[in-house]
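Q: Below is a structure I'd like to ask you about.
Here, each number is a calculation from the coordinates, and none is a lab measurement. Because the structure is predicted, anything quoted here is derived from the model rather than measured. Cβ coordinates were reconstructed from backbone atoms using ideal geometry, including for glycine residues, and neighbour counts include every protein chain displayed.
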Amino acid sequence: MPFNLTFNWYIRRRMAQIDLARREPVESQRALLAHLIAKGADTAFGREHGLGEASTLKEFKRRVPVRPYDELKPWIERAIAGEEDVLWPGRTPWFAKSSGTTSDRSKYLPVTEDALREGHFKGGKDLLALFCEQRPGARLYEGHHLVLGGARAPESADQPFIGDLSAILMNELPFWVEARRTPNRAIALMSDWEQKVDAIATGVMKEDVRILAGVPSWMLVIAKRVLELTGKESLGEVWPNLQLFMHGGVHFAPYRSQFEALIGNVRHGMAYMETYNASEGFFALQDRIDAEDLLLLADYGIHFEFAPSSQWEKEQPDTLELRELQVGEEYELIITTVAGLWRYRLGDVVRMTELHPFRLQVVGRTQASLNAFGEELMSRQIEEAVTTACAATSATVREFTVAPVFMSSTATGAHEWLIEFTVAPSDPARFMAFVDDALQRLNSDYAAKRTGDLAIGPPALNAMPAGTFEAWLRSKGRLGGQFKVPRCASHRRWVDEVLAQSGLAAHCG
C-alpha cells in the first residue's frame with residue numbers, strides 16, 4: 001500500500017502542468033516554436049534554411065517548406081550514418097522503423113532524448129495522472145503492468161538503435177515504469193511474434209496484472225492465449241485487479257465489445273483510455289475516462305500546423321494555427337518536433353470536437369481513404385460502420401479491409417469487404433446492409449453515389465477464414481504489434497494479395 005500511495009502522489013503532481021496546458025495552449029505553442037527554432041538554428045538543416053532569422057511563424061513558414069518523408073529522407077540518412085547536428089543538436093541515438101512510403105518499404109524516423117522525455121514518457125505519465133485524478137482509489141502500483149513491445153534490430157557499437165517505436169520506449173523506460181512492467185525485457189523484445197505470444201502469455205498469466213498497454217489487435221491475441229492456457233472464462237478471473245487498458249494505434253470501437261466480453265467482471269471496474277502516439281511523437285490523449293475525444297497536447301515538444309481539406313492536394317498547403325481552427329472541421333497535421341522533423345507532413349487527419357481546451361478525434365489519413373468513385377470515405381467512418389453493424393447483429397470482427405471493385409462496361413462500381421469474423425452474423429446480407437446504411441448516414445458523398453446504385457452498388461462481403469490476415473501480414477514480413485491491417489484503399493493491390501493467398505476469388509466485378 002505505501003508504494004501505491006507514493007506512486008499516486010508522484011503521478012498526480014503532473015496535474016498542475018496538465019491544467020496549465022489545457023488553459024493556455026496557444027501560448028504554449030508559441031513558446032515552443034521559439035524553442036524549436038533556437039535549438040535547430042545551428043544544425044545542418046537550420047543553417048541551410050536560415051532558421052536563425054526566423055523570428056515569427058510567418059517567417060518560419062516562408063523559409064521552411066512542408067515536406068513528406070521522402071523529401072526529408074536525405075537528412076535522416078545522414079543522421080543514421082552517425083553525423084551530428086543534422087536535424088537536431090547532437091547525435092540522434094534512435095530511429096523508429098515505421099510503415100513505408102511511396103518509395104520505400106519502411107521509413108526511419110528520428111527519436112531523440114528530448115522526444116522521449118518531453119513527449120512519449122510525459123504522455124504515459126500524464127494519462128496515468130488523469131486516470132488517478134478521476135479514480136483516486138486506484139491501486140495500479142500494487143500489481144504489474146502488461147506492456148506490449150515491438151522488435152529491435154541487432155545493435156552495433158557504431159550505429160544507432162533501430163526498431164519499432166515500442167521497442168525503443170521499452171529499452172529506455174523510466175525506473176518507475178520498469179519496476180512494475182511485465183513480461184521481462186527478453187520476452188518483450190522478441191522479434192518472432194508467434195513465439196512471443198506464447199512466451200508473453202505464459203510469463204504473465206500468474207502475475208497480478210493491473211494495467212494493459214498496447215495496440216488492441218495484438219493485446220486481443222495475448223488475452224485469448226492467456227484464457228486458453230489458464231482455462232478461465234474471462235480475464236477478470238485471471239487478473240481480478242485489472243483496472244485500465246491504455247490503447248492506441250487503431251480505432252478502438254471495433255474492438256471494445258470483444259475486450260468487454262473477454263475481461264468480464266473486475267473488482268474495481270475497467271477503464272479504457274486512448275493515446276494518439278506515433279513514431280513521430282506523442283500528440284494527444286484521452287483526458288476524460290468516459291469521453292471519446294482526445295486532448296491535444298500543446299507542450300509535448302511538437303508544434304502543430306493544420307491544413308484544411310481544401311489544401312490536402314497541394315504540395316505546399318496553406319496552414320492554420322490553433323486559434324484559427326473550427327469545431328467539426330477536419331485538418332491534416334503538419335508537425336515540427338524536438339526530434340528534428342521540420343514542417344513534416346504527417347498525413348493524419350483529425351476532426352476538432354472542442355476548442356479551449358482543444359480536443360479532437362483521429363478520423364483517418366489523407367492517403368488512407370477510399371475515394372475510387374468520389375465517395376471520399378475516411379477510415380474512421382468505415383470503422384464506425386463496422387462497429388454499428390456488429391452491435392446490430394451480435395457479430396464480432398477480428399480484422400477487415402475494404403477496396404473498390406471498379407466500374408466496367410456492364411456493371412457499376414462497388415466496394416468489396418474482406419472480413420474475418422470472430423463471431424459471424426447469422427445473416428451476412430443484413431450485416432452488410434447495416435454497414436451500408438451507416439456509411440450513408442456518416443458520409444453524404446457516399447450516400448449520393450449510392451442513390452439508385454448509380455455510381456456504387458451495394459457493398460459485397462467476402463467472409464475470410466480464420467487467420468487470413470495474420471498469414472498475409474506474415475507473408476509481407478509485417479507480423480507484429482507495430483504493423484496493422486490497412487482498413488481501406490482506393491486501389492485493389494492489398495485485397496487482391498489477400499484473396500490470392502487465400503485461394504479465393506473476388507466477390508464481384
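Q: Can you list the residues, at least 5 places off or on another chain, whose amide H is less than 5 Å from the amide H of residue 268, using H built in the peptide plane?
A: Amide H neighbours of residue 268, under 5 Å, 5+ apart: none.
Q: Now for a separate question. Cα extents of segment 128-259 along the three principal axes, largest first, in whole Å?
A: The Cα atoms of segment 128-259 stretch 47, 34, 29 Å along the principal axes, largest first.
Q: Ordered by residue, what ³J(HN,Hα) values in Hz, to whole numbers, does segment 434-451 give under the Karplus form 6.51 cos²θ - 1.76 cosθ + 1.60, where θ = phi - 60° and Gly and Pro are x?
A: Result, rounded to whole Hz: 5, 4, 4, 4, 5, 5, 5, 6, 7, 9, 5, 5, 5, 4, 5, 5, 7, 4.
Q: Counting only helical runs of four or more DSSP H residues, what would the 222 nm mean residue ellipticity of the chain come to if each run contributes -39,500 (n - 2.57) and the total is spread over all its residues?
A: Result for the chain, helices only: -10500 deg cm²/dmol.
Q: Taking a cut-off of 20 Å between Cα atoms, list the aspartates and glutamates near residue 206, but don't count ones fewer than 8 places away on the same chain.
A: 142, 178, 198, 228, 233, 237
Q: Over segment 282-410, what relative contact order in percent results from Cα pairs under 8 Å that are six or more residues apart?
A: 16
Q: Output wanted: per-residue J couplings in Hz (rounded whole) for segment 173-180, from phi through Karplus 6.51 cos²θ - 1.76 cosθ + 1.60, θ = phi - 60°, x for Gly and Pro.
A: Residue by residue, segment 173-180 yields 4, x, 4, 6, 7, 4, 4, 10 Hz.
Q: Considering just Cα atoms, how many Å³ per residue does the convex hull of segment 369-502 enclose?
A: Roughly 107 Å³ of hull volume per residue.
Q: What ratio of Cα Rg to 2.2 N^0.38 Å holds for segment 206-250?
A: 1.12
Q: Considering only DSSP beta bridges where both residues belong to segment 139-267, give the percentage that are antiparallel (nearest 5).
A: Of those bridges, close to 10 percent are antiparallel.
Q: Moving on. Roughly what % antiparallel, to the nearest 5, for the DSSP beta bridges in the chain?
A: 65
Q: Please report, to two decimal places, log10 I(q)/I(0) for segment 289-403 at q = 0.14, 0.18 Å⁻¹ as given by the Debye formula with identical point scatterers on the Cα atoms and no solvent.
A: Once normalised to I(0) and log-transformed, intensities are -0.68, -1.02.
Q: While we're here: Return, for the Cα atoms of the chain, the radius of gyration and Dmax in Å, separated by a comma.
A: 22.9, 73
Q: Determine the alpha carbon to alpha carbon distance for each of 61/97; 58/314; 125/476; 196/232; 232/476; 73/484 and list only those over 25 Å.
A: As for pairs spanning more than 25 Å Cα to Cα, those are 61/97; 125/476; 232/476.
Q: Under a crude label model (7 Å from the Cα following the beta-carbon direction), how far is residue 394 from residue 501 in nanometres?
A: The answer from the label model is 3.3 nm.
Q: Also: Quick one: grab Rg to one decimal and Dmax as a whole number for segment 335-421, Cα atoms only, in Å.
A: Over segment 335-421's Cα set, Rg and Dmax evaluate to 17.2, 55 Å.
Q: Under 5 Å between amide hydrogens, which residues at least 5 positions from residue 282 or on another chain qualify, with H placed 1.01 Å from N in the peptide plane?
A: For residue 282, the qualifying residues are 120.
Q: I want the antiparallel fraction of DSSP beta bridges within segment 369-502, as a percent rounded to 5.
A: The answer is about 65 percent antiparallel.
Q: With label points built 7 Å along Cα→Cβ from the Cα atoms of residue 256 and residue 408, find their separation and express it in nm.
A: With each label point 7 Å from Cα toward Cβ, the separation is 4.1 nm.
Q: Hey, can you grab everything whose amide H is under 5 Å from the amide H of residue 296? Only 5+ residues off in sequence or another chain; H modelled, so Pro and N-termini drop out.
A: Distant-sequence amide H within range of residue 296: 358, 359, 360.
Q: I've got another one for you. Could you give me the ³J(HN,Hα) list for segment 281-290, computed from phi with Karplus coefficients 6.51, -1.76, 1.60 and θ = phi - 60°, whole Hz, x at Gly and Pro?
A: Residue by residue, segment 281-290 yields x, 9, 9, 7, 8, 7, 9, 10, 4, 9 Hz.
Q: Find the relative contact order for segment 369-502 and round it to a whole percent, using C-alpha pairs within less than 8 Å whose residues are 6+ positions apart.
A: 33
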